[in-house]
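Enquirer: Dropping a structure here in structure tokens format, bear with me for questions.
The values are calculated or read from the model by the stated rules, or taken from the named source; none is laboratory data. Computed from a predicted structure; not experimentally measured. Here the Cβ positions follow ideal geometry from the backbone for every residue, glycine too, while neighbour counts run over all protein chains shown.
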Amino acid sequence: MLNCKDTVTETSNYINKDLPISKRIGLFLHFMICRCCRNYLRQFEKTVETVSLVKPSELDKTNKLDLARLLQQVNKETGSNH
Amino acid sequence: MKKFFDSKWADQKVLIGELIKGDPEAFKHVVEEYHNLMLSVARAIVGQSIADEVVQDAWISAIKALPQFEGRSSLKTWLIRIVSNGAKSRVRRENRYVSLDDGWEAVSADHFDHKGHRIDNIEAWDDNTPEAILANSQLQNIIEQAFQNLPAMQRATLTLSDMEGFKIDEICNILDISSSNARVLLHRARAAIHHSIEQYQDK
């Protein structure tokens with residue numbers, strides 16, 4: 001029988017449905033009987049869902065307008081070489 | 001600032017056609033849409049210092065190769081492959097080791113008894129929908145901050161998996177890591193963000 005500590009380490013794989021069936025059933029049964037781990041799982045699921053909505057991204061100082069212009073110039077030169 | 005999807009460019013063929021024709025708006029769109037994702041991949045593979053250079057080289061290679069792009073994958077996947085290959089070739093001769101921070105714990109060991117059962121009490125969070133959480137700017141800042149504090153490899157794994165929808169085997173190919181490493185990195189990144197939200201909820 002899985003304990004709470006085992007459950008924590010497999011939470012991410014459980015959410016991704018990325019576990020062998022026997023382990024998945026073991027976790028499912030643990031979540032049925034353990035309110036703390038069930039709450040932890042729900043918190044973890046909400047975290048994943050929230051991150052996908054917040055979409056944090058890399059800090060970056062690139063001037064994207066300048067980069068777009070550079071690429072446009074590269075494209076123009078590439079086209080004129082064909 | 002959050003990105004909003006411009007439906008004008010929803011059709012990839014139209015977008016690529018306009019890029020080849022040299023439409024400035026199409027260039028602005030692709031740079032805005034994909035640059036940070038490419039940077040995330042490059043930083044994970046080559047590190048912060050030369051990632052900008054690797055990404056710029058990848059952009060130039062991609063634009064030059066655009067007329068040969070056959071559309072067998074999405075433009076996003078194609079660009080990610082180009083930056084990933086470019087970054088990997090930069091480190092090919094180096095013995096890169098992905099640190100998984102041995103001894104790392106999602107939940108501190110003192111939260112469990114000697115049999116591994118929880119001794120703390122995990123309460124359900126306030127029943128906010130993710131959309132309601134989104135409306136909470138303080139919490140958004142906490143998530144952004146927690147994300148920036150993650151190591152580059154965890155940031156890239158989390159971005160590719162949970163924001164861009166890549167599967168674990170695709171992430172392994174992009175970042176040149178084993179599937180067990182990818183799973184561990186993803187779990188650690190999620191657990192760190194979870195921990196930051198948990199601390200906020202406990203206040």
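Enquirer: Which of (1) over 20 Å from the mean Cα position of the chain (by Cα); (2) of a type in the set (F, W, Y); (3) buried (at least 19 other Cβ atoms within 10 Å of the Cβ) is the odd one out, the single condition A:F44 does not satisfy?
Expert: Unmet condition: (1).
Enquirer: Now for a separate question. Can you tell me which condition B:S161 does not meet? The list is (1) among the hydroxyl-bearing types (S, T, Y); (2) more than 27 Å from B:R90 (Cα to Cα); (3) surrounded by 14 or more Cβ atoms within 10 Å (Cβ to Cβ), and all the others hold.
Expert: (2)
Okay, residues lined up against (1) at pLDDT 95 or above; (2) surrounded by fewer than 17 Cβ atoms within 10 Å (Cβ to Cβ); (3) of a type in the set (S, T, Y):
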| site | (1), (2), (3) |
| --- | --- |
| A:D6 | no, yes, no |
| A:V51 | no, no, no |
| A:L67 | yes, no, no |
| A:L71 | yes, no, no |
| A:S80 | no, yes, yes |
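Enquirer: With the condition kept exactly as written, say whether any residue in region A:52-75 is within 7 Å of another protein chain (Cβ to nearest Cβ) and in contact with a strand residue (DSSP E or B) (Cβ under 6 Å, 6 or more places away or on another chain).
Expert: There is no residue in region A:52-75 that is within 7 Å of another protein chain (Cβ to nearest Cβ) and in contact with a strand residue (DSSP E or B) (Cβ under 6 Å, 6 or more places away or on another chain).
Enquirer: Still on this structure, please answer the following. What residue, of B:R72, B:R81, is under 28 Å from B:P151 (Cα atoms) and among the charged types (D, E, K, R)?
Expert: Only one candidate qualifies: B:R81.
Enquirer: Which residue, of B:L158, B:L175, is among the aliphatic types (A, V, I, L, M) and within 10 Å of chain A (Cβ to nearest Cβ)? Talk me through it step by step, then tell me what you get.
Expert: Values: B:L175 fails: within 10 Å of chain A (Cβ to nearest Cβ).
Step by step, each of B:L158, B:L175 is checked, and only B:L158 is among the aliphatic types (A, V, I, L, M) and within 10 Å of chain A (Cβ to nearest Cβ).
Enquirer: Against the conditions (1) facing chain A (nearest Cβ under 9 Å); (2) modelled with pLDDT of 85 or more; (3) crowded, with 19+ Cβ neighbours inside 10 Å, where does B:Q148 fall short? Just the number, please.
Expert: (3)
Enquirer: List every residue pair whose Cβ atoms lie under 7 Å apart, where the two residues are 6 or more positions apart in sequence or sit on different chains, the first residue falls within region B:117-139 and is facing chain A (nearest Cβ under 9 Å) and at pLDDT 80 or above, and the second residue, located anywhere, is surrounded by 12 or more Cβ atoms within 10 Å (Cβ to Cβ) and part of a loop (DSSP other than H, G, I, E, B).
Expert: B:H117/A:N3
Enquirer: Let me spell it out: the conditions are (1) in contact (Cβ under 8 Å) with a residue 40 or more places away in the chain; (2) under 23 Å from B:I133 (Cα atoms); (3) more than 11 Å from the chain's Cα centre (by Cα), and B:R190 meets all of them except one. Which number is the exception?
Expert: Every listed condition holds for B:R190 apart from (1).
Enquirer: Considering each of A:N13, A:N39 in turn, give the residue that is in a helix (DSSP H, G or I), more than 15 Å from the chain's Cα centre (by Cα) and facing chain B (nearest Cβ under 7 Å).
Expert: Selected residue: A:N39, the only one of A:N13, A:N39 that is in a helix (DSSP H, G or I), more than 15 Å from the chain's Cα centre (by Cα) and facing chain B (nearest Cβ under 7 Å).
Enquirer: Right, here's the next one. Hey, can you tell me all the residues within region B:51-77 that are more than 10 Å from chain A (Cβ to nearest Cβ), touching a helix residue (DSSP H, G or I) at 6+ places or on another chain (Cβ under 7 Å) and either assigned to a helix (DSSP H, G or I) or over 19 Å from B:E18 (Cβ atoms) (or both)?
Expert: Within region B:51-77, B:V54, B:D57, B:A58, B:L75, B:K76 qualify.
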